[in-house]
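The values are calculated or read from the model by the stated rules, or taken from the named source; none is laboratory data. Note that the structure is predicted; figures quoted are calculated from it, not measured. Cβ: placed from backbone, ideal geometry, glycine included. Neighbour counts: every protein chain shown.
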There are 2 protein chains.
Amino acid sequence: MILKIAILGYGVVGSGVAEVLKINAEQITKKTGKKIEVKHILDLRDFPSDPYESLMTKDFGVIENDPEVGIVVEAIGGETIAYDYAKRAIMSGKSVCTPNKALIAKHGAELFALAKEKGVNLLFEASVGGGIPLIRPYIDAVLTDQVQVVAGILNGTSNYILTQMSENGASYAAALKDAQSLGYAEQDPTADVGSYDACRKLCILLSLALDKQVNYENVRTEGIENISTEDFAFGKALGFTLKQIVSGKICENGVEALAAPFFVPLTHPLASVNDVYNAAWLTGKTTGNVMFYGSGAGKLPTASAVVSNIIDAANATSYIPHAWTTQEANILPPDKYVTKKLIRVICKNPTAIKNAITLAEYPNQAAWLTPPESEEQTIKSLEEIKKMAGVERVLRVFE
Amino acid sequence: MILKIAILGYGVVGSGVAEVLKINAEQITKKTGKKIEVKHILDLRDFPSDPYESLMTKDFGVIENDPEVGIVVEAIGGETIAYDYAKRAIMSGKSVCTPNKALIAKHGAELFALAKEKGVNLLFEASVGGGIPLIRPYIDAVLTDQVQVVAGILNGTSNYILTQMSENGASYAAALKDAQSLGYAEQDPTADVGSYDACRKLCILLSLALDKQVNYENVRTEGIENISTEDFAFGKALGFTLKQIVSGKICENGVEALAAPFFVPLTHPLASVNDVYNAAWLTGKTTGNVMFYGSGAGKLPTASAVVSNIIDAANATSYIPHAWTTQEANILPPDKYVTKKLIRVICKNPTAIKNAITLAEYPNQAAWLTPPESEEQTIKSLEEIKKMAGVERVLRVFE
């Protein structure tokens, strides 16, 4: 059986999908009995001498109106043209596979409803965790079990920068420059280092657990731009490394959610997720702790996840039920997030602060751990401290 | 919609399934629209005053002949009665969900063929990795991508023992006794510490990747019984910890497979899998490295995975295609397995051995790493060494 698809956007992921389909063609046909054929590729640019040049089109109408095309890969990115084309593809009875986290985080619920109406599927395996097989087992897990915590390291750029700082003692500026020179970070790295990208991924995972819309505007993001070598030094002395973490705790009265730098105990599996790797962490009431680890980005891993969706869409005989609705989830205000914190202060006599640790290389600093507490409680407890020391940093601990 | 099931065997997992169905009942109904009801529980023992006492039966015929029961959970274990009942359940048109690795490793291919014939499903999520959502995403992954390596830490008992030895400097005997007192190890721990249990799990993963039968008799198993504190000390000096690893490398001319103790670099994500936790490691040609981590055993995690299968079986409208056949895979002889090794020798003048490391606390020992080589090559390269030193240990390195 030959299955014809179209690819929208011939950038890194779009061209990767064509490449993975070629590399694994024999495997896919052997295992599924299906031959997947790229019929159209939409891009505004020209690709002279590209092996797929003859498939190129600049007109979405060609794809929209081609009844032979059953599956459309949306790899344009963003929320504008991608949204328009994804919607039109679904309206014309085609399943859509996309790695586009912005599209799913913002318009997921609406597009799922439309897909249901049209009896097709909207699949988004690569939107969170890139090449990690995550979304499907996660959807299965939340069917069976009550999720208590969903968290993870979901931005490879930030993780690369923090790994360089931790392992090689690099400054933030030097590590960012290194990441940019390797193509891991963009010239404007805000979306990655500011935790905005990871936050959207957390919102997708939370929406899937809650079956409600989690808007990223309601989740506080804090970036890693101000993390210093001192933070790593004091963390290490207490058995921690530092990671950009997203964390959602599903509580009785609402969801505590944050995307921010956190200390992670060196013995925690998330502490060994280094370089551009990603991992999602899940605590289910009966399943316990689960971690999914793998390549969070990269051309072929991400494209492999999209191809896995193409096969899912090809195998599905009807709409795969999805309970994610437009009803808004109750995200608690960020100052309700309860966690241990590491407080670091600058003062004249650090050893006078009880239970604090001091490091010889930073003679005017002291640091200590708080019990699990909310931001409100921390602010209150720091009132006394501020009379004798300058609070240099308050960083959360993920446990 | 009410869905009636039967549970065979009311031990740890069987009773766990009933418990998870109760704990997560509301969640399951909310998410799937189905109410799952336990109608019969088969066990030879009596359970007076158990809340499910009224459902107990000692006669499999009651279940086999009850047309209301669509799904049977096989939680008896072993390969004899479990095989007979699983087969009869499938023959009578019921889907079977089982955590029984021995049953699947030995009779999987035959039972899948039978399930196909009868249009029902045989699902086995908990058979490898206990509560880790592993089998389903793994089956998806091997549809899309070419698996190059499948490996992991798949026995919680051994992992607990080795973690105790590594972290607390315990001897093997003391750590085993500790594991037995906690109920993690059986009085006869051979199946776990001898790597037999983990080997069967590797065979299931390899069979799923290859679509062929991998017989565990063809995979060499080596136990952890002789691992000593010296092994950990020399490993640590070279940046390794020691784990019971299963590893299958799918090569052009066949499969290199082993279940044995391996050194793992401390920077490798598998090194942070401690205590009774398990993890499966996968390297796909285009997906890259993936790790699935979670509770490898335990009543509720394992039962959660079985319940996830019950929901899969309930949602499936027909036989989920499966390509695992009875055709035998080509497992290469164990001496073809290529890997780096750590050689440790006992000799009078350890520092005379070039490139070897020595440790002050073991004055008559030296250790070094070989390049990646087969067992044949290692044996040959040790001929010269044996003239000047006694070879105390040859341990493989997983990288």
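Please verify whether the stretch B:292-299 includes one or more residues that are out of contact with any Asp or Glu (no Cβ under 9 Å at 6 or more places or on another chain), in contact (Cβ under 8 Å) with a residue 60 or more places away in the chain and surrounded by fewer than 20 Cβ atoms within 10 Å (Cβ to Cβ). Spell out how you get there, then give the answer.
As a first pass, look at the stretch B:292-299 and keep what is out of contact with any Asp or Glu (no Cβ under 9 Å at 6 or more places or on another chain): B:292-298.
Now narrow it down to the ones that are in contact (Cβ under 8 Å) with a residue 60 or more places away in the chain: B:292-298.
Next, from what is left, pick out any that are surrounded by fewer than 20 Cβ atoms within 10 Å (Cβ to Cβ): none.
No, because not a single residue in the stretch B:292-299 is out of contact with any Asp or Glu (no Cβ under 9 Å at 6 or more places or on another chain), in contact (Cβ under 8 Å) with a residue 60 or more places away in the chain and surrounded by fewer than 20 Cβ atoms within 10 Å (Cβ to Cβ).
Does B:K35 meet the test of being of a type in the set (K, R), closer than 27 Å to A:G288 by Cα, modelled with pLDDT of 95 or more and touching a helix residue (DSSP H, G or I) at 6+ places or on another chain (Cβ under 9 Å)? If you could, list the steps in order and put the result at the bottom.
Details: of a type in the set (K, R): yes; closer than 27 Å to A:G288 by Cα: yes; modelled with pLDDT of 95 or more: yes; touching a helix residue (DSSP H, G or I) at 6+ places or on another chain (Cβ under 9 Å): yes.
Yes: the conditions hold for B:K35.
Among the residues of the stretch A:269-285, how many are at the interface with chain B (Cβ under 8 Å from one of its Cβ atoms) and part of a helix (DSSP H, G or I)?
Residues flagged as at the interface with chain B (Cβ under 8 Å from one of its Cβ atoms) and part of a helix (DSSP H, G or I) within the stretch A:269-285 amount to 3.
Those residues that are farther than 18 Å from A:N309 by Cβ and more than 23 Å from the chain's Cα centre (by Cα), I need them from the stretch A:63-83; list them, please.
The answer is A:E64, A:N65, A:D66, A:P67, A:E68.
What helices (runs of 4 or more DSSP H), lying completely within the stretch B:1-92, carry at least 3 residues that are of a type outside the set (V, I, T), within 14 Å of chain A (Cβ to nearest Cβ) and surrounded by 15 or more Cβ atoms within 10 Å (Cβ to Cβ)? If you could, list the steps in order and put the result at the bottom.
Working: elements: B:12-23, B:25-32, B:60-64, B:81-91.
Passing ranges, in order: B:12-23.
Give B:K336, B:K348 a once-over and let me know the one that is farther than 30 Å from A:T286 by Cα, in contact with a Gly (Cβ under 9 Å, 6 or more places away or on another chain) and of a type in the set (K, R).
Details: B:K348 fails: in contact with a Gly (Cβ under 9 Å, 6 or more places away or on another chain).
One residue alone meets the criteria, B:K336.
Looking at this structure, is B:L266 of a type in the set (A, V, I, L, M), within 14 Å of chain A (Cβ to nearest Cβ) and surrounded by fewer than 19 Cβ atoms within 10 Å (Cβ to Cβ)? Break it down into steps so the answer makes sense when it comes.
On the way: of a type in the set (A, V, I, L, M): yes; within 14 Å of chain A (Cβ to nearest Cβ): yes; surrounded by fewer than 19 Cβ atoms within 10 Å (Cβ to Cβ): yes.
Yes: the conditions hold for B:L266.
So which residues in the stretch A:120-171 are crowded, with 24+ Cβ neighbours inside 10 Å, charged (D, E, K, R) and over 30 Å from B:A18 (Cα atoms)?
Across the stretch A:120-171, the qualifying residue is only A:E125.
Looking only at the stretch A:194-247, how many residues end up being within 27 Å of A:Q365 (Cβ to Cβ), of a type in the set (F, W, Y) and touching a helix residue (DSSP H, G or I) at 6+ places or on another chain (Cβ under 9 Å)?
Residues meeting the conditions: 2.
Residue by residue, here is whether (1) within 28 Å of B:K336 (Cβ to Cβ); (2) at pLDDT 95 or above; (3) not in a helix (DSSP H, G or I) holds:
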site: B:R136; (1), (2), (3): no, no, no
site: B:A179; (1), (2), (3): no, yes, no
site: B:D197; (1), (2), (3): yes, yes, no
site: B:L208; (1), (2), (3): yes, yes, no
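Could we say that A:T370 is at pLDDT 95 or above, farther than 30 Å from A:K106 by Cα and of a type outside the set (G, A, S) here? I'd like the intermediate steps shown before the answer.
On the way: at pLDDT 95 or above: yes; farther than 30 Å from A:K106 by Cα: yes; of a type outside the set (G, A, S): yes.
It is true that A:T370 is at pLDDT 95 or above, farther than 30 Å from A:K106 by Cα and of a type outside the set (G, A, S).
Before we move on, is B:D188 closer than 18 Å to B:G298 by Cα, of a type outside the set (G, A, S), out of contact with any His (no Cβ under 8 Å at 6 or more places or on another chain) and without any contact (Cβ under 8 Å) to a residue 24 or more places away in the chain?
Numbers: closer than 18 Å to B:G298 by Cα: no; of a type outside the set (G, A, S): yes; out of contact with any His (no Cβ under 8 Å at 6 or more places or on another chain): yes; without any contact (Cβ under 8 Å) to a residue 24 or more places away in the chain: yes.
No; evaluated as a whole, the condition is false for this residue.
Sort out which residues of the stretch B:139-171 are at the interface with chain A (Cβ under 8 Å from one of its Cβ atoms) and modelled with pLDDT of 95 or more, and write them in order of number.
Restricting attention to the stretch B:139-171, the residues satisfying the condition of being at the interface with chain A (Cβ under 8 Å from one of its Cβ atoms) are B:140-146.
Within the stretch B:139-171, B:D145, B:Q146 qualify.
Across the stretch B:234-263, which residue is modelled with the lowest pLDDT among those that are within 14 Å of chain A (Cβ to nearest Cβ) and surrounded by fewer than 18 Cβ atoms within 10 Å (Cβ to Cβ)?
B:E252
Looking at the stretch A:210-253 only, could you name the residues that are of a type in the set (A, V, I, L, M), closer than 23 Å to A:L162 by Cβ and in a strand (DSSP E or B)? Break it down into steps so the answer makes sense when it comes.
Here is the first cut: in the stretch A:210-253, the residues of a type in the set (A, V, I, L, M) are A:210, A:214, A:219, A:224, A:227, A:233, A:237-238, A:242, A:245-246, A:250.
Now restrict to residues that are closer than 23 Å to A:L162 by Cβ: A:219, A:224, A:227, A:233, A:237-238, A:242, A:245-246.
Selection gives A:L242, A:I245, A:V246.
Quick one: in the stretch B:98-134, of everything that is outside any loop (DSSP other than H, G, I, E, B) and within 12 Å of chain A (Cβ to nearest Cβ), which residue is farthest from B:N315 (Cα to Cα)?
So in the stretch B:98-134, the residues outside any loop (DSSP other than H, G, I, E, B) come out as B:101-118, B:122-123, B:125-127.
The next check asks that each one be within 12 Å of chain A (Cβ to nearest Cβ); those that pass are B:123, B:125-126.
Numbers: B:L123: 13, B:E125: 15, B:A126: 18 Å.
Applying the filter and picking the extreme gives B:A126.
Taking A:V273 as the residue in question, decide whether it is touching a Lys or Arg at 6+ places or on another chain (Cβ under 9 Å), more than 22 Å from A:V73 (Cβ to Cβ) and modelled with pLDDT of 95 or more.
Details: touching a Lys or Arg at 6+ places or on another chain (Cβ under 9 Å): yes; more than 22 Å from A:V73 (Cβ to Cβ): yes; modelled with pLDDT of 95 or more: yes.
For A:V273, the condition - touching a Lys or Arg at 6+ places or on another chain (Cβ under 9 Å), more than 22 Å from A:V73 (Cβ to Cβ) and modelled with pLDDT of 95 or more - is met.
Consider A:A105 against the criteria (1) surrounded by fewer than 18 Cβ atoms within 10 Å (Cβ to Cβ); (2) under 26 Å from A:A198 (Cα atoms): it satisfies all of them except one. Which criterion is unmet?
Unmet for A:A105, out of (1) surrounded by fewer than 18 Cβ atoms within 10 Å (Cβ to Cβ); (2) under 26 Å from A:A198 (Cα atoms): (1).
Working only within the stretch B:84-96, note down all residues that are more than 25 Å from the chain's Cα centre (by Cα) and hydroxyl-bearing (S, T, Y).
Scanning the stretch B:84-96 gives a single hit, B:S92.
Among residues belonging to the stretch A:308-323 that are touching a residue at least 12 places away in the same chain (Cβ under 8 Å) and of a type in the set (V, I, T), point out the one that is nearest to B:T32 (Cα to Cα).
Restricting to residues being touching a residue at least 12 places away in the same chain (Cβ under 8 Å) and of a type in the set (V, I, T), the top hit is A:I320.
Counting just the residues of the stretch B:141-173 that are in a helix (DSSP H, G or I) and among the small types (G, A, S), which one comes out farthest from the chain's Cα centre (by Cα)?
B:A173
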